[in-house]
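Undergrad: Once you've had a glance at the structure underneath, I'll fire off some questions.
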Amino acid sequence: MAQTPMPWEKKYDESEVLDRAVAAFWDHGYEATSISTLVKATGLNRGSLYAAFGDKRGLFLRALDHYDQTRRQVFLHALTAGEPPRAAIRALFRRVAEGSLGGHDRRGCLLVNTALELAPYDPEIERIVTERLGELEAFFRDRIIAAQRDDTVAPGTDAEDAGRLLLSLFIGLRVITRSYPRPKVVGSILGQVDAILG
């Protein structure tokens, strides 16, 4: 005989709720996303939302972590596993560029958006953003080192410096493609990526 769920038991798919919360914060930004918007987006009533996540900030932190695990980490893993090292870096930039210029990826990167909107004013979020962007920098550095081993990037390239430069270009590309997605500007950024890789 099926048991009736107790009042405090979860009656929803947490991953699905977080997907919907990610979409809401991604579309509107943190400050402009109201609790009413989140209630509508997630399908949870206010009581359930507060019981599960504490408050809007608590839900945002969970949503940001969910975004990182299900999007950024999965994407980078797929590039690492499926592309040669040098090609993985180029593929990352080109996919962002093509998505934005095609008109269907104007929301940018939630992590970069958060870095701009919240990190300067919230030490915990600043720490999270710094760690995640550090992981992206490490992706670039490690791909360069691997590309040097297979002779597709010059051995004299400083992998640490190049990794930092590529991270800066990636952040710039994400900001530009969200606010000023002009083909010539995007093309210049891609040209700088190719120049770094040699």
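Undergrad: Exactly one of these conditions fails for Leu59: (1) under 26 Å from Val193 (Cα atoms); (2) free of Cβ contacts under 8 Å to residues at least 40 places away in the same chain; (3) in contact with a Leu (Cβ under 7 Å, 6 or more places away or on another chain). Give me its number.
TA: If we test Leu59 against (1) under 26 Å from Val193 (Cα atoms); (2) free of Cβ contacts under 8 Å to residues at least 40 places away in the same chain; (3) in contact with a Leu (Cβ under 7 Å, 6 or more places away or on another chain), just (1) comes out false.
Undergrad: Here is a follow-up. Out of Tyr67, Tyr12, Tyr50, which single residue is more than 19 Å from Thr114 (Cβ to Cβ), among the aromatic types (Phe, Trp, Tyr) and surrounded by 13 or more Cβ atoms within 10 Å (Cβ to Cβ)?
TA: Just a single option satisfies the conditions, and that option is Tyr50.
Undergrad: Could you check Ala119 against (1) assigned to a helix (DSSP H, G or I); (2) without any contact (Cβ under 8 Å) to a residue 40 or more places away in the chain; (3) within 15 Å of the chain's Cα centre (by Cα) and say which number it fails?
TA: Against the list (1) assigned to a helix (DSSP H, G or I); (2) without any contact (Cβ under 8 Å) to a residue 40 or more places away in the chain; (3) within 15 Å of the chain's Cα centre (by Cα), Ala119 comes up short only on (1).
Undergrad: From the list Val175, Val186, Val129, pick out the single residue that is under 27 Å from Arg62 (Cα atoms), out of contact with any Gly (no Cβ under 6 Å at 6 or more places or on another chain), at pLDDT below 95 and surrounded by 15 or more Cβ atoms within 10 Å (Cβ to Cβ).
TA: Val175
Undergrad: Could you identify the single residue in Ala32, Ala63 that is out of contact with any Cys (no Cβ under 9 Å at 6 or more places or on another chain), among the small types (Gly, Ala, Ser) and not in a helix (DSSP H, G or I)?
TA: One residue alone meets the criteria, Ala32.
Undergrad: Can you pull out every residue in the range 47-59 that is assigned to a helix (DSSP H, G or I) and farther than 19 Å from Asp13 by Cβ?
TA: Correct list: Lys56, Arg57.
Undergrad: Take Arg164 and decide whether it is within 19 Å of the chain's Cα centre (by Cα), part of a helix (DSSP H, G or I), surrounded by 12 or more Cβ atoms within 10 Å (Cβ to Cβ) and not β-branched (Val, Ile, Thr).
TA: For Arg164, the condition - within 19 Å of the chain's Cα centre (by Cα), part of a helix (DSSP H, G or I), surrounded by 12 or more Cβ atoms within 10 Å (Cβ to Cβ) and not β-branched (Val, Ile, Thr) - is met.
Undergrad: Just the residues that are free of Cβ contacts under 8 Å to residues at least 24 places away in the same chain, under 22 Å from Ala119 (Cβ atoms) and loosely packed, with under 15 Cβ neighbours inside 10 Å, please, taken from the range 29-47.
TA: Result: Ala32, Ser34.
Undergrad: Taking the range 82-109 on its own, how many of its residues are at pLDDT 95 or above and buried (at least 19 other Cβ atoms within 10 Å of the Cβ)?
TA: Number of matching residues: 6.
The values are calculated or read from the model by the stated rules, or taken from the named source; none is laboratory data. Note that the structure is a prediction, hence the values are computed from the model and not measured. Note that each Cβ is placed from the backbone with ideal geometry, even for glycine, and that neighbours are counted across all protein chains shown.
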